[in-house]
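The values are calculated or read from the model by the stated rules, or taken from the named source; none is laboratory data. For clarity, every value in this text was computed on a predicted model and none was experimentally measured. Using ideal geometry, Cβ is built from the backbone for each residue, glycine included, and neighbour counts are taken over all protein chains shown. Side chains included, ligands, DNA and RNA excluded: accessible areas come from the protein's heavy atoms. Shrake-Rupley method; radii C 1.70, N 1.55, O 1.52, S 1.80 Å.
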Amino acid sequence: MEEHIKTMIPLLNEKQRRLFLASLANTLGRGGLKLVCEISGFSPHTVIRGKQELADTLSGLEPVDLASPDGRIRKVGGGRTPGSRDSIKTEYYSEGRSMYGGYNGKLLFINLTNQTYEVRVLPENVAREYIGGPSLGTRILFDEMPANTPLMFVLWAVLLHG
Amino acid sequence: MESYCEGLFTLDELDGIDLKWGNADAIAAMVEKICRNEGIGAILAKGSRYAAHYFNRGFDFLVTASGIELPQHDAKFSPGLARTYQYDPTPGRHVKGGLSIQYGNEPPEVRYDYSNTGKRDVDGVVGQEIENLSGFCFMSGFTLVPDSKIRYIEAVTGWKYTVEEAYNIGLRSYTMRHAFNLREGFFRDHWDLPDRITGQNGKMQTKGPHAGVVVDSVRLANNFFSELGWNLDTAVPPREWFEKLNMADVADKLGVI
């Protein structure tokens, strides 16, 4: 079966892979999911999603054609953006932090005069205590902008949620 | 408009716009001039207090808190708004915390009793700060059960807050915004509110539902700052206040020892 999977996987697109592995797992019955995942190296979540899609397809909930009408395999916005999610994960794991929901954990500082930018980490304790909006925004202004800056609202703008 | 109706300005000074009460076309024409920064519009675009200083007249007609135009909600109806309008770090806004507009629905013996408003005022600030800093709809105050905003924040972030930590989020937000002003040199005596709003110094209304109402804005603010434990003369929090909120570095920068 290992050979069967290794032959088939490269020939299929993402959705077809999910459906293929799901149908294999279903055929194997109890323990099938674990075995299929071990051999293929796919995450159980992926195969479980395939099972759901397979069930939906068979029950007529989802169209049978394997790509969306415009030929996309992934949903719009799906998949990884180069250098985005993975790099954040690496950064957080390497610094021993855990991700927390609702935040990407980064602040982008743009200097329009020098046309430069800098990405800084938003420490979790700061996010937890200040949350966002005018609270976090004033904290950033207070820290970054010297007192008595003339034309402060022209020279500084902080964009946050809230 | 009121100044013009009272004869303080000539038609020429308003670039020929007949700003009579009820003249909607004149309002539209003046708004356009303000937006385009043209003629009289360039002066009014900087606010009514700036215009009063520019022409050196019309101060009695100003409806501003520290130079910022007030919203429609009158402090004579809901007295707590006087404290919010005057002393919120961004003054003159009804979307900032305090006893709130709803306080005006209390019976007169409650809302015009200035003896003990501090706790409720501070609670209102905390709730409003949490609403504002997390981007909740202002109307959530009417529709969500108490405490639910912090539960929503917990659900999104995965953090857990104790009751005290949650309350401190609101206090910290208010303190941070207040500290910004302190650093820029704005202490308690900087913030003003015209007598027209409070009815003080003989400026009370003589007709209508609020005839004779005088809002004790000083007492309201004293109650508020006392409840917080801040200095009543300067509105500067003590060092322990900053330390309680994990903001000792802010106290350092302000020179609070």
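Brief remarks follow.
- Residues of segment B:4-21 satisfying the condition of being surrounded by fewer than 15 Cβ atoms within 10 Å (Cβ to Cβ) and within 28 Å of the chain's Cα centre (by Cα): B:Cys5, B:Glu6, B:Trp21
- Here B:Ser134 clears all of (1) in contact (Cβ under 8 Å) with a residue 24 or more places away in the chain; (2) over 20 Å from B:Leu193 (Cα atoms); (3) crowded, with 17+ Cβ neighbours inside 10 Å except the condition numbered (1).
- Filtered residue count, segment B:135-161, keeping only those that are at pLDDT below 90, more than 8 Å from chain A (Cβ to nearest Cβ) and in a loop (DSSP other than H, G, I, E, B): 8
- For B:Ile169, the test of being over 20 Å from B:Ile101 (Cβ atoms), at pLDDT 95 or above and within 10 Å of chain A (Cβ to nearest Cβ) is passed.
- The residues listed here are B:Asn181, B:Asn132, B:Asn116; of these, the one that is of a type in the set (S, T, N, Q) and either more than 12 Å from chain A (Cβ to nearest Cβ) or in a loop (DSSP other than H, G, I, E, B) (or both) is B:Asn116.
- Taking every residue in segment A:27-39 that is closer than 16 Å to A:His4 by Cα and pairing it with any residue that is of a type in the set (Asp, Glu), at least 6 positions away or on another chain, the pairs with Cβ-Cβ distances below 8 Å are A:Ile39/A:Glu2.
- Conditions (1) within 14 Å of another protein chain (Cβ to nearest Cβ); (2) surrounded by fewer than 19 Cβ atoms within 10 Å (Cβ to Cβ); (3) modelled with pLDDT of 95 or more: number failed by B:Leu245: (2)
- Here B:Asp88 does not fit the description of being open to solvent by 30 Å² or more (accessible area, probe 1.4 Å), of a type outside the set (S, T, N, Q), more than 9 Å from chain A (Cβ to nearest Cβ) and at negative phi.
- In segment A:20-102, counting only helices (runs of 4 or more DSSP H) that sit wholly within it, the ones holding 1 or more residues that are under 30 Å from B:Arg151 (Cβ atoms), modelled with pLDDT under 85 and in contact with a strand residue (DSSP E or B) (Cβ under 9 Å, 6 or more places away or on another chain) span A:85-94.
- All positions within segment B:202-239 that are assigned to a loop (DSSP other than H, G, I, E, B) and surrounded by 15 or more Cβ atoms within 10 Å (Cβ to Cβ): B:Met204, B:Gln205, B:His210, B:Val213, B:Val214, B:Val215, B:Asp216, B:Trp230, B:Ala235, B:Val236, B:Pro237, B:Pro238
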